[in-house]
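S.K.: Encoded as structure tokens, here's the structure I'll be asking about.
The values are calculated or read from the model by the stated rules, or taken from the named source; none is laboratory data. What you see is a predicted model, and the numbers here were worked out from it, not measured in a lab. Every residue, glycine among them, receives a Cβ derived from its backbone with ideal geometry; neighbour counts consider all protein chains shown. Quick note on the areas: whole protein, heavy atoms, side chains included, nothing else; ligands and nucleic acids left out. Shrake-Rupley method; radii C 1.70, N 1.55, O 1.52, S 1.80 Å.
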Amino acid sequence: MKRSNAEPIGKLIRAYLRQESLESPLNEHRLINAWAEVLGPVIASYTRDLFIKNQVLYVHLTSAALRQELMMGRELLVRNLNTHVGAQVITNIVFR
């Protein structure tokens, strides 16, 4: 017996996450985990306390020189992180 209304499991899971308002927190978690992968392990070693609030990623940096360098490439970094996650998760980054 074959069902005619079968749907892929991935589509059903995404619909459930969206319905239960779990999609946004999951994407935020993915983005924070992608930080080290997108920027590399050297830059990630200078970062602490990443968190997202109101679509803004807050990053504490231990190097002032690195902070200045990342501030100049902020827009590209936002774009790359969102692309890596596959969703518009953040709109800005604040370096502290």
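S.K.: Being out of contact with any strand residue (DSSP E or B) (no Cβ under 9 Å at 6 or more places or on another chain), closer than 15 Å to Gly86 by Cβ and open to solvent by less than 90 Å² (accessible area, probe 1.4 Å) narrows it down to one of Asn27, Asn33, so name that one.
M.R.: Values: Asn33 fails: open to solvent by less than 90 Å² (accessible area, probe 1.4 Å).
Exactly one residue qualifies, and that residue is Asn27.
S.K.: Which one is surrounded by the fewest Cβ atoms within 10 Å (Cβ to Cβ) among residues in the range 79-96 that are hydrophobic (A, V, I, L, M, F, W, C) and more than 14 Å from Asn27 (Cβ to Cβ)? I'd like the intermediate steps shown before the answer.
M.R.: Quick first cut of the range 79-96, residues hydrophobic (A, V, I, L, M, F, W, C) only: 81, 85, 87, 89-90, 93-95.
Restricting the remaining residues to those that are more than 14 Å from Asn27 (Cβ to Cβ) gives 93-95.
Details: Ile93: 19, Val94: 12, Phe95: 17.
Top of the filtered list is Val94.
S.K.: Moving to a separate point now. Of the residues that sit in the range 1-24 and are under 18 Å from the mean Cα position of the chain (by Cα) and charged (D, E, K, R), which one is surrounded by the most Cβ atoms within 10 Å (Cβ to Cβ)? Spell out how you get there, then give the answer.
M.R.: Of the residues in the range 1-24, the ones under 18 Å from the mean Cα position of the chain (by Cα) are 14, 17-18, 21-24.
Next, only the ones that are charged (D, E, K, R) stay: 14, 18, 23.
Working: Arg14: 13, Arg18: 11, Glu23: 15.
Only one residue tops the list, namely Glu23.
S.K.: Which residues, counting only those in the range 17-54, are touching a Ser or Thr at 6+ places or on another chain (Cβ under 8 Å) and part of a strand (DSSP E or B)?
M.R.: Thr47, Arg48 - these are the residues of the range 17-54 that are touching a Ser or Thr at 6+ places or on another chain (Cβ under 8 Å) and part of a strand (DSSP E or B).
S.K.: Answer with yes or no whether Leu57 is touching a helix residue (DSSP H, G or I) at 6+ places or on another chain (Cβ under 9 Å), assigned to a helix (DSSP H, G or I) and at pLDDT 95 or above. Spell out the reasoning first.
M.R.: Working: touching a helix residue (DSSP H, G or I) at 6+ places or on another chain (Cβ under 9 Å): yes; assigned to a helix (DSSP H, G or I): no; at pLDDT 95 or above: yes.
Considered against the rule, which asks whether it is touching a helix residue (DSSP H, G or I) at 6+ places or on another chain (Cβ under 9 Å), assigned to a helix (DSSP H, G or I) and at pLDDT 95 or above, Leu57 comes out as no.
S.K.: Follow-up question, since we're still on this one. So, in the range 40-76, of the ones that are without any contact (Cβ under 8 Å) to a residue 24 or more places away in the chain, touching a strand residue (DSSP E or B) at 6+ places or on another chain (Cβ under 8 Å) and surrounded by 15 or more Cβ atoms within 10 Å (Cβ to Cβ), which residue ends up nearest to Pro25 (Cα to Cα)?
M.R.: The extreme case among them is Leu50.
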